[in-house]
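The values are calculated or read from the model by the stated rules, or taken from the named source; none is laboratory data. Note that this is a predicted model, so its numbers are computed, not measured. All Cβ positions, even for glycine, are placed from backbone atoms using ideal geometry, and neighbour counts span all protein chains on display. Side chains included, ligands, DNA and RNA excluded: accessible areas come from the protein's heavy atoms. Shrake-Rupley method; radii C 1.70, N 1.55, O 1.52, S 1.80 Å.
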Amino acid sequence: MTHTRTKRYILFIFALLLTAGAIVAALFLPGQLIRREASAETGQVTTVPTAYYAGPSEAVVKNASRQLTEEQRVSLIYGEWESTISPATESERTLSEYEAVHLDFPIESEYQHWYTWSAVSYKAVDTTFETYAAIFWKCTFTKYDGSETLVYYITEGGTLLDPDKLPEDAGL
């Protein structure tokens, strides 16, 4: 009987030492691994992957752009600020095609039924930080027989733009 008791006692002591070793390892091993990794990387300089440089989100651009005055938006569109022009998506603009065309209808209302219209939205985004955007529309009216075409550019704020001042490389 003492032999079985001694075996149990030895197994109990071994289990207790194994548990204590696991607890000590769980407490100290992560800190040692972190310390070793930190000391290994100290003094090393590496380039950051371009994926880490994500541009501003759509919400940031909308919020920053809302703070621009109409004059600043026009400057951005004309290229007085460094900017690029590209088509705008539906989520980026605040007006529908119909609303854009009817912001400032340049044709007398008695003749409007003679024309078909189309509207394409564009955005001018600053190239420095890509945080400011100005939306503008290219509205095209065509006479029913195709003999006349009227094209004008307008901001979402209702400002008519001078087509001669728009950047030539924009592809409008």
Six or more apart or on different chains, Cβ under 6 Å: which pairs go from a residue in segment 151-172 that's loosely packed, with under 12 Cβ neighbours inside 10 Å to one that's assigned to a loop (DSSP other than H, G, I, E, B)? Could you list them?
158/103; 158/104
Is there any pair linking a residue in segment 76-88 that is closer than 11 Å to residue 128 by Cβ to one that is of a type outside the set (Val, Ile, Thr) and surrounded by fewer than 20 Cβ atoms within 10 Å (Cβ to Cβ), with Cβ under 6 Å and at least six apart or on different chains, and which?
81/75; 81/126; 83/126
What are the residues in segment 31-80 that are assigned to a loop (DSSP other than H, G, I, E, B) and open to solvent by less than 100 Å² (accessible area, probe 1.4 Å), if any?
43, 48, 49, 54, 55, 56, 57, 68, 69, 79
Positions within segment 117-150 being surrounded by fewer than 18 Cβ atoms within 10 Å (Cβ to Cβ), among the β-branched types (Val, Ile, Thr) and either on the phi > 0 side of the Ramachandran plot or touching a strand residue (DSSP E or B) at 6+ places or on another chain (Cβ under 8 Å) (or both), in sequence order:
120, 127, 140, 142, 149
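When only residues in segment 128-150 that are of a type in the set (Gly, Ala, Ser) and assigned to a loop (DSSP other than H, G, I, E, B) count, which is farthest from residue 59 (Cα to Cα)?
Filtering segment 128-150 down to residues of a type in the set (Gly, Ala, Ser) leaves 133-134, 146-147.
Those left that are additionally assigned to a loop (DSSP other than H, G, I, E, B): 146-147.
Details: 146: 41, 147: 43 Å.
Only one residue tops the list, namely 147.
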